[in-house]
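Trainee: Please read through the structure below; I'll follow up with questions.
No lab work stands behind these numbers, since they all come straight from the coordinates. These numbers were taken from a predicted model, which means no experiment stands behind them. Ideal geometry is used to build each Cβ from the backbone, glycine not excepted, and the neighbour counts take in all protein chains shown.
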Amino acid sequence: MTGIKSLAKDTAIYGMSSIIGRFLNWCLVPLYTYKLATGEFGDVTNLYAWMALLLVILIYGLETGFFRFANDGAERDPKTVYSTCLFSLATTSAIFMGLVFLFQSPISRLLKLSEHPEYILITAAIIAMDAFCALPFAYLRYLKRPIRFAALKLLFIALNIILNLFFLVVCPWIWKHAPEWINWFYDPTYGVGYILISNLLGTFIVLLALAPEIVRIPWRFRPDLLKRILRYSFPLLILGVAGIMNQTLDKILYPMLISDPVAAKSGLGIYGANYKIAIVMVMFTQAFRYAYEPFIFAQNKGEDKRVAYAEAMKYFIIFGLFIFLGVMFYLEILRYFIDPDYFSGLQVVPIVMIAELFFGIFFNLSLWYKLTDKTQWGAYFSLFGLAITLTINIAFVPRYGYIACAWAAFTCYFAMMIASWFIGQHYYPIRYDLKGIGKYLLLALVLYVIALWIPIENQILRLSFRTILLVLYILYVIKKDLPLKQIPYLNRWAKK
């Protein structure tokens, strides 16, 4: 029991630091969209999509490989495992930086950033340092030091926010009133560059803060051990690349699929900004995962865990639909999260939100192949989804623009969800409450259509009406699936 409590506590710290970090980074989106033109934000969206993909490639599964072999009693020396992996990451990160430096110009032309080839070098430096830092962070988790782990993660977020505010808010104000103070280092037209520089400085400072986990270890390198770790980690790399490409491929390919470079950057910026509104569903999915997984794995051995898994799925969908309705009902207010120049892309928000809900359902369904040790199915599903994403983007983006990107995500995650459910029922059958879930889906759809199609010109009356619709959904949830009978003072109402 003590071990379970410790696991739950550590999970809460790791999870909350991750969720808080994602939320605070999300809060930078208004700053970017109100300060940058749509084309500039398109550059930011494209570069950060490349960052996410290349980071997975440069870590090549060594985090999981480290945990696997550090906990292997046959190795007897986790520090040797750690130093071997760290040496490997340092080498590959240095090689990556060298290659980017050599091919900086052609890469900048490929990404349509010829006017700012230095963006490529800054981005590469961020990726290389992040990849290297991944293992010291994994080592902190291995040592069960969640407080230091979370503190360093939040340190980066704080530095990134402070530096962004300095370059994008404080410096423009100083430039307007006393430009001579900062004209030796500040260029008011260098907005995207300052976003990258802020990230670079934050990452570098965190790297310095990780020095104890890097220098205070005996540096031993075992080629035979690294070979075994890489053999174990390579399938994880394939899975990771396929998974991250499902999330980023549209933002990577978009500038290459639109013939007009200016329109491509502007369209990607609009799509990326509106995608960020829908990210609230991603944060909910992550929060639900961290909150519910400890409960699932802490069930008594004598209890049928499949019942808990089915309940987890149902509540995830219930609250996911609530998030969807909440965002869509108040989108005319929430849209000011981004600059009005980006409003033309609001049509992607409901599509992307439902797509992310499908992905969350797929994630919950993934329990079956983890529990049956058939993890190869995770790679199969990711590759299946990647093929769908790639096909739809290439076929339809040149004609329909970023709306095709949203439908590609929707189709990809829907197909992965359905495939996982059908195959999972064969290997690890779980009696999900499909009838109850179907009623919630139908109710949410009906309420959404009513809110969308009943014309009410007065904004206050319109929002009040939508609030009533949202309350109806909540009342249905309370009546059907929340145990109010166990809550004092509310049990009488619940019995009615």
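Trainee: Show that you can apply the helix-only estimate: for the chain, add -39,500 (n - 2.57) for every DSSP H stretch of four or more residues, divide by all residues, and state [θ] at 222 nm to the nearest 500. Write out the running numbers ahead of the final one.
Mentor: On the way: 22 runs with 395 residues, N = 496.
Value at 222 nm, helices only: -27000 deg cm²/dmol.
Trainee: List the relative contact order of the chain as a percent without decimals, with contacts defined as Cα pairs under 8 Å and 6+ residues apart. Walk me through the numbers on the way to the answer.
Mentor: On the way: 535 pairs, mean separation 102.9, N = 496.
Reported relative contact order: 21 percent.
Trainee: Find the centroid of the Cα atoms in the range 223-269 and in the range 159-174, then give the distance between the two in whole Å.
Mentor: 30 Å
Trainee: In whole percent, what relative contact order does the range 53-160 give with Cα contacts below 8 Å and a gap of six or more residues? Could you put the intermediate results ahead of the total?
Mentor: On the way: 74 pairs, mean separation 33.2, N = 108.
In percent, rounded to a whole number, it is 31.
Trainee: Specify the longest stretch of the chain that does not include any exposed loop site, a site being one of the chymotrypsin sites (Phe, Trp or Tyr not before Pro) with a non-H, G, I, E, B DSSP assignment and at most 12 other Cβ atoms within 10 Å. List each step's numbers first, then the result.
Mentor: Working: sites that count: 103, 184, 185, 489.
So the longest stretch without any such site is 186-488.
Trainee: Would you calculate the separation in nanometres between label points at residue 395 and residue 26, each defined as 7 Å from the Cα along the Cα-to-beta-carbon direction?
Mentor: So the two model labels end up 3.2 nm from each other.
Trainee: Note down the relative contact order for the range 358-455 as a percent, whole number, built from C-alpha pairs under 8 angstrom at least six residues apart. Write down the numbers at each step before the final one.
Mentor: Working: 55 pairs, mean separation 35.5, N = 98.
After rounding, I find 36 percent.
Trainee: Calculate one ³J(HN,Hα) per residue across the range 242-248 by plugging θ = phi - 60° into the Karplus curve 6.51 cos²θ - 1.76 cosθ + 1.60, and present them in order as whole Hz with x for glycine and proline.
Mentor: 4, x, 6, 5, 4, 8, 10
Trainee: While we're on this one: Between residue 105 and residue 232, what is the label-to-label distance in nm when each label sits 7 Å out along the Cα-to-Cβ direction?
Mentor: The two pseudo-label positions are separated by 4.5 nm.
Trainee: I want the local charge near residue 51. Using Cβ-Cβ distances under 14 Å, sum +1 for each Lys or Arg and -1 for each Asp or Glu among the other residues. List each step's numbers first, then the result.
Mentor: Values: positive: 251; negative: 43, 130.
In short, -1.
Trainee: Can you tell me the FRET efficiency between residue 175 and residue 115 if r is taken as the Cβ-Cβ distance and R0 is 22 Å, rounded to the nearest 0.05?
Mentor: 0.55
Trainee: Let me ask you something else. What does the charge add up to near residue 217, with Lys and Arg as +1, Asp and Glu as -1, over the other residues with Cβ less than 12 Å from its Cβ?
Mentor: Numbers: positive: 79, 216, 220; negative: 77, 213.
Spelling it out: positives minus negatives among the neighbours equals +1.
Trainee: Subtract the Cα-Cα distance of residue 215 and residue 478 from 0.36 nm times their separation in residues, and report this length gain in nm to one decimal.
Mentor: Length gained between residue 215 and residue 478: 89.2 nm.
Trainee: Hey, if you put +1 on the Cβ of every Lys and Arg and -1 on every Asp and Glu Cβ in the chain, which of 178, 20, 347 ends up farthest toward the positive end of that dipole?
Mentor: 20
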